[in-house]
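The block underneath contains the structure these notes are about, expressed in structure tokens.
The values are calculated or read from the model by the stated rules, or taken from the named source; none is laboratory data. Here the structure is a predicted model, which means the values were calculated and not measured. Reconstructed Cβ throughout: ideal geometry from the backbone, glycine too, with neighbour counts over all protein chains shown. Side chains included, ligands, DNA and RNA excluded: accessible areas come from the protein's heavy atoms. Shrake-Rupley method; radii C 1.70, N 1.55, O 1.52, S 1.80 Å.
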Amino acid sequence: MSFAFDLASPWTYLAAERVDRAFPAAVWQPVAADALRGAGEYAEDHDLVEARATELGMPLVWPERPGAGGRVATRVAAWAAERGQASAFVLAASRLTFCGGFDLEDPEILAEAAAAAGLPLDDCLAAAGDPARDASLAAAGRKLQAQGADRLPAVRVGRLLFSGEERLADAMAALRDPHAERRHRTPEGWAG
């Protein structure tokens, strides 16, 4: 079970809270959304995001510069994932960004997210400033796309891949259904 995300995306914010509750054993996998063709158009539809937030009863405050700081914060999420602490950081960072409207490029805001997640500040700031992490984030995005994802977030349950926040309920159902993989077999392979 895994949850792939990019912190620049408001869809990650809308999914992360539910993923944390529904899939407590999930591996949180940061990826670069721009490595998935078409993902940018999906992420930028403010009206669609706002309607979905309203439907879910979640607050939504757009940061002054949407997407700003997403790559920096996703680098920190990758560092946190290496230590098994990505979920706490992603929840804190996405709440600051999309509930508070704060810019994660601001070191003070990034420090707030790190503190809320119980992560050492110096290590988080070092990860944030390390562009060498971008290559692995992009590679993870390309790999996810090759597996059939066309947007983020994406959830993998066994061999099934559910792409897009709106597919989260399907992923939850598949987790509860021991025969889900057999029902989703296609001539090309596995689909969600």
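Could you check, for the range 66-80, whether at least one of its residues is open to solvent by 60 Å² or more (accessible area, probe 1.4 Å) and modelled with pLDDT of 95 or more? Give the steps one after another, and end with the answer.
Our first condition is that a residue be open to solvent by 60 Å² or more (accessible area, probe 1.4 Å); within the range 66-80, this holds for 66, 71.
Keeping just the survivors that are modelled with pLDDT of 95 or more gives none.
The answer is no; no qualifying residue exists.
Looking only at the range 127-142, count how many residues are in contact (Cβ under 8 Å) with a residue 24 or more places away in the chain and part of a helix (DSSP H, G or I).
11
Considering the range 152-191 alone, what residues qualify as being in contact with a Ser or Thr (Cβ under 7 Å, 6 or more places away or on another chain) and either open to solvent by 50 Å² or more (accessible area, probe 1.4 Å) or at pLDDT below 65 (or both)?
Arg156
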